[in-house]
Amino acid sequence: MFRVVWQGEAVTLTNWSGNTEFRATRLHHPTSLDELQRLVAATPRVRALGSAHSFNDVADTPGELVRLDRMPYRIEIDGAAARVRVGASTTYARLAAELHAQGLALGNLASLPHISVAGSVATGTHGSGPGNQSLSAAVSALELVTADGSLITLDRGDADFPGAVVSLGALGIVTTLTLDLVPAFELRQYVREGVPDDAPFDELMGDGHSVSLFTDWHDTRAWIKRRTPLPEGDWHGTRAADGPRHPVPGMPPDSCTEQLGVPGPWHERLPHFRADSPPSSAGDELQTEFVMDREHAAGALRELRAVRDRIRPVLQITEVRTVAADDLWLSPFYGRDSVAVHFTWIRDTEAVLPVVRLVEDVLAPFDPRPHWGKVFTRWPSCPDRFRELVGRYDPRGKFAGDFTRLLLGE
């Protein structure tokens, strides 16, 4: 999802939205683990680049970038153990199709299946559902190449594991991940319109495997993904959509997964967007997301409604989701069941940043944590144990970029 922009004879590499130009001096595509290890050992500054579905410089470095898209293909399914070992650059779209063919599934997916597994895990990406954890929490083991070129494996239960899963690439180059699986399942997707502001939040969000609210702070819709049909009749005072909808009002729904209650495989309903079609916005946007304790959902939404007139001029849509707690140190969901409020903005950094700061001010009493791959201006405190972990794995700052240096307070 990164972009290559030609400027005369020069080539500029940017992130998904084009709002960040990478400063890296070179992009490598190693074709074997041995080549990657030798490259990392010999390169003073290096970082991994996934699908670049980010809206800041989390993946950037003043040194050199590595993409693992030409490494040997790897999806190794262990049905008996209900786990799969995947190459870091594997996309969820490709992985999900192979799992489903074997009667297996991931517990949840993000709204966009085109993103890479390793990049999503490293930044704490998630889906929705009060009983569903982030994508990172499905990781049971990972392998990474460390600063001296060594390959190490960390398993769930190892002391360093909770700091290594959501690590923003600060510890090394992740090469494979092992993920927990569940039996494959079917879902039906419904869209309900006219959700009242005073509808009971916990009841709304708990009425399906995955539920999202989409609002422009004038009208609100619910995306409900259920294993069983949605009972006919009233649903919290809403009305059923009379046709397919795109999350952004007015945009064509062609790229969206099937709705109207038609049953289908988990991987063709959990994402909002189809694997064979990029979303209609195609990166023409900026994104911000803040995560708070779920007990603050009503208060946070109330305070945001109070400033809706400041938000709406630069907003495409806001999505509200719930995510279960995990124990990963840098995860936005660490230690607390959470509500995540996501903003898709117009792609105008100068106009958007003052509104991002306003949102940060409004949400400050609720202890918001940012999604690491989105636009934010206030840095959360870095856990001392993560700082110590980085010091042990990368004492010379080989994998550091401006983003991680700010986090670490360097």
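The values are calculated or read from the model by the stated rules, or taken from the named source; none is laboratory data. These numbers come from a predicted model, not from an experiment. For neighbour counting, all protein chains shown are included, and Cβ atoms are generated from backbone atoms with ideal geometry for every residue, glycine included.
For this structure, a couple of remarks:
- Filter result for Phe399 (of a type outside the set (Gly, Ala, Ser), part of a loop (DSSP other than H, G, I, E, B) and at pLDDT 95 or above): yes
- Residue in the range 28-58 that is surrounded by the fewest Cβ atoms within 10 Å (Cβ to Cβ), counting only those that are within 18 Å of Tyr73 (Cβ to Cβ) and under 19 Å from the mean Cα position of the chain (by Cα): Ser51
- Some residue of the range 145-159 being under 20 Å from the mean Cα position of the chain (by Cα) and within 21 Å of Gly397 (Cα to Cα): no
- Scoring Gly163 on the criteria (1) touching a helix residue (DSSP H, G or I) at 6+ places or on another chain (Cβ under 7 Å); (2) closer than 17 Å to Ala59 by Cα leaves a single failure, condition (2).
- Qualifying residue in the range 233-249 (condition: touching a Pro at 6+ places or on another chain (Cβ under 9 Å) and within 30 Å of Val84 (Cβ to Cβ)): yes
- Residues (within 13 Å of Pro62 (Cα to Cα) and not β-branched (Val, Ile, Thr)) located in the range 16-42: Glu21, Phe22, Arg23, Ala24, Arg26, Leu27
- Any hit, the range 241-255, residues being farther than 19 Å from Thr344 by Cα and among the β-branched types (Val, Ile, Thr): no
- The set of residues from the range 149-167 being surrounded by fewer than 23 Cβ atoms within 10 Å (Cβ to Cβ) and of a type in the set (A, V, I, L, M) comprises Leu151, Ile152, Leu154, Ala159.
- Residues that are charged (D, E, K, R), touching a residue at least 40 places away in the same chain (Cβ under 8 Å), part of a loop (DSSP other than H, G, I, E, B) and out of contact with any Ser or Thr (no Cβ under 6 Å at 6 or more places or on another chain) within the range 349-389 comprise just one, Asp367.
- Residues of the range 114-142 satisfying the condition of being over 14 Å from the mean Cα position of the chain (by Cα) and among the hydrophobic types (A, V, I, L, M, F, W, C): Val139, Ala141, Leu142
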